[in-house]
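**Student:** Here it is, the structure in full.
The values are calculated or read from the model by the stated rules, or taken from the named source; none is laboratory data. Here the structure is a predicted model, which means the values were calculated and not measured. Ideal geometry is used to build each Cβ from the backbone, glycine not excepted, and the neighbour counts take in all protein chains shown. The accessibility values were calculated without ligands, DNA or RNA, using every heavy atom of the protein model including side chains. Shrake-Rupley method; radii C 1.70, N 1.55, O 1.52, S 1.80 Å.
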Amino acid sequence: MMKKLLILIALLILVFTGNWVYGNILSKKIEDRILLLSKSVNDRLVVKFDHVKVNPLLSKLQLKGLQVTTVEGQELAQGEKVVLDMPYNEAIRLLNGKKVDELKALKLKVDNLRVGIDEAGGELLLGHLFIDFNGAINKADIQTIQTAFPSVNQRLRVQAKDVTLGQTPWLHALGFNPEQIKDVNQFNELSIECELQPLQSQLKLVKFNLDADWLDCQSSGVLNYVGEGLTNAKAKKAESSFNLKLKQNGMTWGDATTNGKFSLDKLSIKSDAVVDYSGSTPSVQSQSSHILLENLSVEYAGTKRAQLEAQTALLGLKMDKITVGKLAINSVLANDWLTITDSELQSSFMDIDLNAKVNVSSEAPGASQIESATLIVSNLAPGIQNGLSTFELMTMQSLPRNGDAIILEMTGPVSRPVIKGLRY
């Protein structure tokens, strides 16, 4: 028994020693191959790294201190550690071939990746990046991609964690301060998984997920197409699902003296849709939307407030603070019927309630017919109420009311509906 154990230990030492020796030999060869391949892809790229380690036993290639720059010295990307997993035969084919003619299975892991995204110094920081590709793309596929897609299924999964966006001037333009920009630009995880199924003529977004401390967003979809290649392919039918939710902490941004100080407590959006592209114009076969917004406020002060109040002087509106207590939209479109239920707006200017059923004409939206619709407007701000009173005096007719609430019951064409109790 002891003899067998010693033989086993000796074999294990031999295997791992051979793996280490062979790995060191491959490291230098692969280092040279990567430099050569980067030049063949783009002769203006310079790829450098501090260390290359190959593990033939586990089919892993590990790079440390990766840097990608232009020949002028502009840094394009920098990674602390890069691990490439691929089947052993793929690694040998990569090593021995003069050029890469085909790509099959590939897994790439990168830690602390920094990528430049514009010439102004914008960058994308990724604490961890994982790319998983499964399929088969050869040189001929790439050369003919404009007129023909690859003949076998392709799957790509990308997962990024601890994502930080740099240089987002549009957030500054919206009034976000540096601390708010920092919070908005950080994401815990971003993951995308998609598939190309050429035999079914489908492109699938299997999963899109974006998770941050302030936001949660998911989406998925399927696109059916006709034709081959990027040039000739045309959308035939698309199905999509989208969910977005602002997390419980809410958001605050902006400056009351410039573009306004905004505050939002709750926001959720859910949408599902099926769109047909086979006709001359896209046609929505079905669609549902559910939007809920709560406690949105905008505050103005100083010169900005005075400018806005001057513009709304005829309505006598105060612009120090505008609030929307609630905005809810619930709609369903199916079989050319649009149904709107329990949709409402509660604001500092007015409250609105809407329920409607409309027969929609996709070819001529203006010809759509309202079967029934009820719009209730109440709790009007004094300035708006005075403006409507002036309108009633000028037209010599009163708006249909129930107490202080204006009730508009509508039927007929959307372009010129019939409003019960009102002539125009």
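**Student:** Can you give the FRET efficiency to the nearest 0.05 for Asp111 and Asn209, using r as the Cβ-Cβ distance and R₀ = 25 Å?
**Tutor:** Details: r = 21 Å, r/R0 = 0.83.
With a Förster radius of 25 Å, E is 0.75.
**Student:** Now a separate question. May I ask you to give the percent of accessible area on the range 171-290 that is carbon plus sulfur, with a probe radius of 1.4 Å? All intermediate terms of the calculation are to be shown ahead of the outcome.
**Tutor:** Values: 3600 of 6650 Å².
Summing carbon and sulfur atoms, their accessible area is 54 percent of the total for the range 171-290.
**Student:** Please name which of Gln346, Gly325, Leu315 has its Cα lying farthest along the dipole of the range 305-353 towards the positive end, using unit charges on Cβ (Lys, Arg +1; Asp, Glu -1) and the Cα centre as origin.
**Tutor:** Leu315
**Student:** Counting only heavy atoms of the protein chains, get the accessible area per residue of the range 276-424 (1.4 Å probe) and round it to a whole Å² value.
**Tutor:** Working: 8880 Å² over 149 residues.
Averaged over the residues of the range 276-424, the accessible area is 60 Å².
**Student:** In debye to the nearest 20, how big a dipole does the range 292-424 give about its Cα centre with +1 on each Lys and Arg Cβ and -1 on each Asp and Glu Cβ? Spell out each step's value before the answer.
**Tutor:** Details: 10 positive and 14 negative charges, 74 e Å.
It comes to approximately 360 debye.
**Student:** Once phi is turned into θ = phi - 60°, what whole-Hz ³J(HN,Hα) does the Karplus curve with 6.51, -1.76 and 1.60 give for every residue of the range 287-294, x standing for Gly and Pro?
**Tutor:** 6, 9, 9, 9, 10, 9, 10, 9
**Student:** Sorted from largest to smallest, which semi-axis lengths in Å does the alpha carbon gyration tensor of the range 289-373 give for its equivalent ellipsoid, taking the root of 5 times each eigenvalue?
**Tutor:** On the way: eigenvalues 243, 48, 22 Å².
Output for the range 289-373: semi-axes of 35, 16, 11 Å.
**Student:** Could you work out the relative contact order of the range 289-424, using alpha carbon pairs under 8 angstrom and six or more residues apart, expressed as a whole percent?
**Tutor:** Numbers: 271 pairs, mean separation 24.8, N = 136.
Value for the range 289-424: 18 percent.
**Student:** Which whole-number percent is the relative contact order of the range 268-344 (Cα, under 8 Å, 6+ apart)? Could the numbers behind the result be given before it?
**Tutor:** Details: 128 pairs, mean separation 23.5, N = 77.
In percent, rounded to a whole number, it is 31.
**Student:** For a 19 Å ceiling on Cα separation, which of these pairs sit above it: Lys161/Lys207; Lys109/Lys204; Lys247/Lys270; Lys326/Lys357; Lys245/Lys270; Lys236/Lys357? All intermediate terms of the calculation are to be shown ahead of the outcome.
**Tutor:** Numbers: Lys161/Lys207 16 Å; Lys109/Lys204 24 Å; Lys247/Lys270 15 Å; Lys326/Lys357 22 Å; Lys245/Lys270 9 Å; Lys236/Lys357 28 Å.
Among Lys161/Lys207; Lys109/Lys204; Lys247/Lys270; Lys326/Lys357; Lys245/Lys270; Lys236/Lys357, the Cα-Cα distance tops 19 Å for Lys109/Lys204; Lys326/Lys357; Lys236/Lys357.
**Student:** Counting only residues 5 or more places away or on other chains, whose amide H sits under 5 Å from the amide H of Ala77 once H atoms are built in the peptide plane?
**Tutor:** Val68, Gly116
**Student:** Each residue of the range 199-215 in order: what ³J(HN,Hα) in whole Hz does its phi give by Karplus 6.51 cos²θ - 1.76 cosθ + 1.60, θ = phi - 60°, with x for Gly and Pro?
**Tutor:** For the range 199-215, the Karplus-derived couplings read 5, 8, 6, 10, 10, 10, 8, 5, 7, 10, 9, 10, 10, 9, 5, 10, 8 Hz, x marking Gly and Pro.
**Student:** Taking loop as defined by DSSP and a crowding limit of 16 other beta carbons within 10 Å, which GluC sites (Glu not before Pro) in the range 340-400 fit? Intermediate values should be presented prior to the final figure.
**Tutor:** Numbers: sites: Glu344, Glu363, Glu371, Glu392; in loops: Glu363.
Counting only loop positions with at most 16 other Cβ atoms within 10 Å, the GluC sites (Glu not before Pro) in the range 340-400 are Glu363.
**Student:** Given Cα pairs under 8 Å that are at least 6 residues apart, what percent is the relative contact order of the range 138-230? Write down the numbers at each step before the final one.
**Tutor:** Values: 158 pairs, mean separation 27.8, N = 93.
For the range 138-230, the relative contact order is 30 percent.
**Student:** What residues qualify as long-range amide H neighbours of Ala148, i.e. H under 5 Å apart, gap of 5 or more or another chain, H built at 1.01 Å from N?
**Tutor:** For Ala148, whose amide H was placed from the backbone, the distant partners under 5 Å are Gly229, Leu230.
**Student:** Turning to a different aspect of this structure: What are the trypsin sites (Lys or Arg not before Pro) within the range 264-328 that DSSP puts in a loop, where the Cβ has at most 15 other Cβ atoms within 10 Å?
**Tutor:** Details: sites: Lys266, Lys270, Lys304, Arg305, Lys318, Lys321, Lys326; in loops: Lys318.
Qualifying residues, ordered by number: Lys318.
**Student:** Further question on the same structure: To the nearest 0.05, how large is the calculated FRET efficiency for Met350 and Leu244 if R₀ is 25 Å and r is the Cβ-Cβ distance? Could you put the intermediate results ahead of the total?
**Tutor:** Details: r = 27 Å, r/R0 = 1.07.
Approximately 0.40, to the nearest 0.05.
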